[in-house]
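The values are calculated or read from the model by the stated rules, or taken from the named source; none is laboratory data. Because the structure is a prediction, the values reported are computed rather than measured. Cβ atoms come from the backbone with ideal geometry, glycine included; neighbour counts cover every protein chain shown. These area figures cover heavy atoms from the full protein model, side chains too; ligands, DNA and RNA do not enter into them. Shrake-Rupley method; radii C 1.70, N 1.55, O 1.52, S 1.80 Å.
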Amino acid sequence: MSALGESFFRPRDLGEACARVADLVTRGVPHHVIAGGTDLVVESHLRPPSTVAPPATTLVDVSRVPELVEFAVRGDTIRLGGGVTFLTVRRAPALAPLRVLVEAGKDVGAIQIQARGTLAGNVVTASPAGDGVAALMALEAVVGLRSVRGERAVPLRDYYQGYKKTVRAADELVAWLDVRVPAADAFQSWRKVGTRLAQAISKVALAAVVERDGETIRRARFGMASVAPTTSPLAHVERFLEGRAARGLDLAGLDAAVDADVSPIDDVRSTAEYRRHVARALVREVARGLAPK
Amino acid sequence: MIIGRSVPRIDGHAKVTGKAVYVDDLPPRPGELWGVTVRSPVAHGTLRGIELDPAFDWSDVTVVTAEDLVAMGVENLVALIEEDQPILATGVVRHVYEPVALVACADRDKAERARAAVKLLIDPLPAVLSLDEGTVVQKKYRIDRADVDAALAASEVVIEGTYRVHHQEQLYIEPQGVVASWHEGETPVVHVAGSLQCPYYVHKALKKAFHLVDDAAARVEQTVTGGGFGGKEEYPSMIGLHAALLARKSGRPVRLIYGRKEDIEATTKRHPAVCKVTLGCKRDGTFEAIKVDVVMDGGAYVTLTPVVLSRGTLHACGAYRFAHHRVESRAVATNTPPNGAFRGFGAPQTIWAVERHVDAVARALGRSPIDLRRQNLLQKGDLTSTGQVLDVSVGGQECLDAATKAADFDRRARDLEAWNAAEAAAGRRKRRGLGISTFMHGAGFTGSGEHRLKGKVQVDLERGGRLRVRSASTDIGQGTETIFQQIAAEAADLAFEDVSFENPDTSKVPDSGPTVASRTVMVVGSIVQKAAAAVASHVRAKAAPGESFATAGDRLLAAGDAETKCLVQYVPPQSRAFDDATYQGDAYPCYSWACDVAEVEVDLDTFETRVLRLFTAHDVGKAINPVLCAGQVEGGTLQAIGWAIHEAIVWRKDGSIANARMTNYIVPTSVDAPEFHTTLVEVPYPNGPGGAKGVGELPMDGGAPAVANAIEHALSADLRWGAGVLLPDLPLLPENVFERARRAEVVS
Amino acid sequence: MKLQVNGVMHEVEASPTARLLDVLRGPLGLTGTKEGCGEGECGSCTILLDGLPVNACLVLAGQAEGAEILTVEGLAAGQLAPLQQCFVDDGGAQCGICTPGMLIAAEALLRRNKAPDDAEIREAIAGNICRCTGYQRIVDAIKHAAVVRAGGAS
């Protein structure tokens, strides 16, 4: 079957990839950029039946573009190529300080999906249940968007504009993600409540990176999946926590902050009520972790 | 001894090298078409007509509707128990996904597009989508033994409870499919090969629909089958008929293989049920009387529902001793796809209820769930609800002892309590618990079933002193081929390698009855044993002094000796006849017994449950092949655990299924599955080969209640929920446990 | 298109946008790799792509050009590999439809980890759904195979 289309290109480098995409956009040719294929091929498989053949879609395969699969440590920033896979995140010793992302990576699908699924793919797909995106948000990721017009950097928190809506222009590729390496003593946690323990889509997932000065919370960054139209930061929770003592937190106030940040729905995998309850519980779990008994 | 040895499975080599040929692996035949099914999008409605999109190019597409069946002189009927299910709907559609038309084309993509180009004109009618609304009764039964009303009135303690269970999808990993061809000629021959459990069911359905008189006019052949669990018992008749119709009309071979979505949507599932249980006992816990009211959801057509309901009815009083029994059961029709065979076949539904109810009684009496079970478990000499005297192979007590011993139950329970206390003290939110279930499962067909079936097996001598077993019992993963070879070799006193297994193909094997009801080893295996022994002893009797078995055999074959083949028909052992009217008598030749002990971890916030360890003891009479047998036990138990805590069909308001994908129909993965500690208990059944009795379905019966019992134990220090059990209904999805817990009193 | 499968370079007539699974099963005739769901969920189509386990239903044939592909047909060299033999002996295969993908996932594990514990084995095969065995015997078979591969007793 060739439901995905007719033309297939494998650019040698990022420049060629951008040029190819720019050309397709200019000519109005339906196309997709494909890396791991873990979303794109599934979507094509699930296409509803139609009496006419799907329009031929040109594919630009970036899974072997060298610049995209690299990563580099630059002081307290790590630049992750968009094509870095979850398996690479799990296995590369240099990325071990990004504990929250490493742990999230272990919870993405299972090894077959981790071996193919990429960080950029997770960002571009814009699923509300983006585990990797939640972790990247907690790491204050900045998205590097590249096109023939140049390159721009957009904080990941500003990248999503609504359900499956992003600031990415049609000719832009997610070339890299810059993440902030948390302080060595930072609290990092990942918790996924999924439909099962592997091969699962999140019902709720929470990534947290919290830095403290002694007892006081200096900096708190959270990313949560599956409780809003997009994977989202928890801005109210972060504001609530920053500057407070980790011990003796007002838990009712914390719950209220969570409620202000989430807008869960009922779907095939869970209920709004359960998700709201779990969202609160996971944030409380982080609070407990900051001040263990 | 070959029986009792874990001989490596004979199909293992082909399966681990990728050489085993499943239906989708059959090479395309010249001219082959790809078949698809056009289905109703409406749960109930008047089918006014079928329109073919005039803009679509139909020149190379074969279309079959109910009208073509009339034109071809085909009877529009899937032959099973009741003659109510059409091959293609006509006049009325009764469930979403009901087949209405068939389409085939050489180009697979085009066939899929053609499916969308068939427009069904349906005027919707009101639909019944749950058993609570069902009014049309498909079947009912009543068991009434001694005087339940008087006994309950006189009981010191009477406890009532209502328990519900949900659909379950078999989710064999190989979707259903067949390849069919139609050969016109003086006598037409239809040939169907595919993934199926019961070749003679398909054979019967083909003969009936196409009015074929000669058995040889229909040939049905099993391909290597990637799991069935009941799901490939009756449904392949439908697919086989569909493919055969397309083949007949097009004159071409047709391949009709479902995708995962279609398989989940259209094929049968486990019957949902609701059971109301009333149990009377003494204050010391001695059970006296039980009354169970069972309602099952049969779906839109009767299919196998009467038999499923029957088994549910016969297992509704559990593995316990009562002097007074009443079970009233009925199945109602709904506008959902017909529910059908699934491992356990009605028993897991009613056993869920009775096991949960025993836990409710234990709670009310302040007794441990183990002790109360031990006190009331059926023993040799006791009577069942049908008045059957349990005089052979009664291993319930042994199983209870073995499983609790393997679990080191008391010590483990103490350790858990300490662990929970430490978690609570540290402010952590995980809790662990232990749960138990004890259960039995009738082996083989119910009542007079085997008398009616007259299952047959043939064993042939072949050159070189080898035997070939010909039976219609299929290997769908359980290991039939291997086990039959073991039984035959043992009976004939030959080496395992000197026996072979004929592929189930109606042109080559007699009708042994279907591969269902935990009857393959016990019933069909017993005639494999007889036939193999008969052929071998004939050869030995005719052998000249000093002549080897192989030489004597070859000589007899050359001489055309008729007794080198032996066809044996099953004769059920003498028993008290089962009365289909009163439901009294010997319901099953014997029962297999088991006890599960589950250790779970529950999160007090998210209510996710993980089954950490599962200790199980199964009395199988005799394990012909212990590795394969334990594989049945563990696989079946995991299906039960999945049914309990992961799996659920999500129905939309229009009667369609919202989660017909493996991404959203959740079965356990290796990290969700517990560590299994399996004990095979052997209390022999004298009429089974080597003492063996049925094992296929039993493991499906006890996993869910053991897990529920364990979850409640885990939560018991933090929650109080008053009378009864906290978790009366399946599934125990985190969302549902959360709902229940929210209504309970929080202790800590 | 050229594909390197089980150590042999094949020229195949296929669209680069076809799923690798379809190219393996169709033109290359390697039907040992199975399709159970078509959406990367069941793992029956697991193959090694440059040594990493992937779902062949989610990889396009063009993406596999220039890579080394291993399918179940490439596991046995003459006689069964220890991993395959242990699956047969220890009850790791029942219906067998998940077995090829399961073996490949296990092979990927054992190449990296010579002596995995139960948790590591379970994690390595978590993307391969088996509906028959309950997994215990698969875990045992893989552990057994690790011992045999290390030169231990079979």
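Be a star and scan region A:7-22 for residues whose amide nitrogen sits under 16 Å from the point 7 Å along the Cα-to-Cβ vector of A:Arg74. Flagged as within label range: none. Starting from the Cα gyration tensor of region A:2-61, take the square roots of the eigenvalues, sort them a ≥ b ≥ c, and report rounded, prolate or oblate (rounded when a/c is under 1.5, otherwise prolate if a/b is larger than b/c, else oblate). In terms of gyration-tensor shape, oblate.
Residues of region A:32-59 whose accessible area, computed with a 1.4 Å probe over protein heavy atoms, drops by at least 50 Å² once all protein chains are present relative to their chain alone are A:Val41, A:Val42, A:His45, A:Leu46, A:Thr51.
To put it simply, the accessible area of chain A at a 1.4 Å probe is 52 percent carbon and sulfur.
Quick check: from the Cα gyration tensor, does region B:455-569 come out rounded (a/c under 1.5), prolate or oblate?
Details: a/c = 2.23, a/b = 1.91, b/c = 1.16.
Because a/c hits 1.5 or more and a/b exceeds b/c, region B:455-569 counts as prolate.
Only protein atoms count toward the accessible area here, which uses a 1.4 Å probe; on region C:48-154, the carbon and sulfur part of that area reaches 50 percent.
The overall shape of region B:41-128, judged from the alpha-carbon gyration tensor, is oblate: a/c is not under 1.5, and a/b is no greater than b/c. Looking at chain A, the accessible area is 39 square angstrom per residue; that uses a 1.4 Å probe and ignores ligands, DNA and RNA. Which residues of region B:147-181 bury at least 40 Å² of accessible area once all protein chains are present, versus their chain alone (1.4 Å probe)? Correct list: B:Ile173.
Pull up the DSSP beta bridges for region B:455-569 and report the antiparallel fraction as a percent, rounded to 5. All intermediate terms of the calculation are to be shown ahead of the outcome.
Values: 10 of 13 bridges.
The antiparallel fraction comes to roughly 75 percent.
Rounded to two decimals, what ratio of Rg to Rh does the protein assembly as shown give with C-alpha atoms and a Kirkwood Rh?
Details: Rg = 30.5 Å, Rh = 31.5 Å.
Rg/Rh for the protein assembly as shown comes to 0.97.
Summing Lys and Arg as +1 and Asp and Glu as -1 over all other residues whose Cβ lies under 11 Å from the Cβ of B:Thr225 gives a net charge of -2. Sparse packing (at most 16 other Cβ atoms within 10 Å of the Cβ) combined with a DSSP loop state is found for the following GluC sites (Glu not before Pro) in region B:63-138: B:Glu75, B:Glu82, B:Glu83. Counting, for every residue in C:38-51, the Cβ atoms of other protein chains within 10 Å of its Cβ and taking the mean gives 6. For region A:1-101, the set of trypsin sites (Lys or Arg not before Pro) satisfying both a DSSP loop assignment and a count of at most 11 other C-beta atoms within 10 Å is given as A:Arg12. Between B:Ala544 and C:Gln79, what's the calculated FRET efficiency when r is the beta-carbon distance and R0 is 35 Å? Round to 0.05. Plugging the Cβ-Cβ distance into 1/(1 + (r/R0)^6) gives 0.30.
How large, in percent, is the carbon and sulfur part of the accessible surface of chain B at a probe radius of 1.4 Å? Accessible surface attributable to carbon and sulfur in chain B totals 52 percent.
Using a 1.4 Å probe and counting only protein heavy atoms, arrange A:Lys293, A:Lys165, B:Lys282 so the residue with the most accessible area comes first. Don't jump to the answer; show the numbers that get you there.
Values: A:Lys293 180, A:Lys165 120, B:Lys282 85 Å².
My answer, sorted largest first, is A:Lys293, A:Lys165, B:Lys282.
Chain pair B, A: how much accessible area is buried, both chains summed, with a 1.4 Å probe, in Å² to 100? Could you put the intermediate results ahead of the total?
Numbers: alone 27150 and 14000 Å², together 38560 Å².
The buried area between B and A, both sides summed, comes to about 2600 Å².
Legend: calculated FRET efficiency, B:Asp84 to B:Thr46, from the Cβ-Cβ distance at R0 = 22 Å, rounded to 0.05, equals 0.80. Using a simple spin-label model with pseudo-atoms 7 Å out from Cα toward Cβ, B:Asn503 and B:Asp561 lie 3.1 nm apart. Between B:Ala717 and B:Lys380, the FRET efficiency estimated from the beta carbon spacing at R0 = 35 angstrom works out to 0.35.
Where is the GNM fluctuation largest for chain A (alpha-carbon springs, 10 angstrom cutoff): A:Pro155, A:Pro54, A:Pro11? Residue with maximal mean-square fluctuation among A:Pro155, A:Pro54, A:Pro11: A:Pro54. For chain B, the solvent-accessible area works out to 32 Å² per residue, with a probe of 1.4 Å and every protein chain left in place. For region A:2-61, a simple Cβ point-charge model (Lys and Arg +1, Asp and Glu -1, everything else neutral) yields a dipole of about 100 debye relative to the Cα centre. The contact between chain C and chain A removes approximately 2600 Å² from the accessible area (both sides summed; 1.4 Å probe; ligands, DNA and RNA excluded). Given 0.36 nm per residue, what is the gain on full extension from B:Met1 to B:Asp60 after removing their alpha carbon distance, in nm? The B:Met1-B:Asp60 span can extend by a further 15.3 nm.
Figure legend: label point modelled 7 angstrom from the Cα of B:Lys282 along Cα→Cβ; residues of region B:314-342 with amide N under 16 Å from it are B:321-324.
Less than 13 Å Cβ to Cβ from A:Ala186, Lys/Arg counted +1 and Asp/Glu -1: what total charge do the surrounding residues give?
On the way: positive: A:Arg99, A:Arg180, A:Arg212, A:Arg218, A:Arg219, A:Arg221; negative: A:Asp76, A:Glu140, A:Asp185, A:Glu211, A:Asp213.
Residues near A:Ala186 contribute +1 overall.
For region B:391-405, backbone phi angles converted through the Karplus equation (6.51, -1.76, 1.60; θ = phi - 60°) give residue-by-residue couplings of 10, 9, 6, 10, x, x, 4, 4, 5, 4, 5, 5, 5, 5, 5 Hz, Gly and Pro being listed as x.
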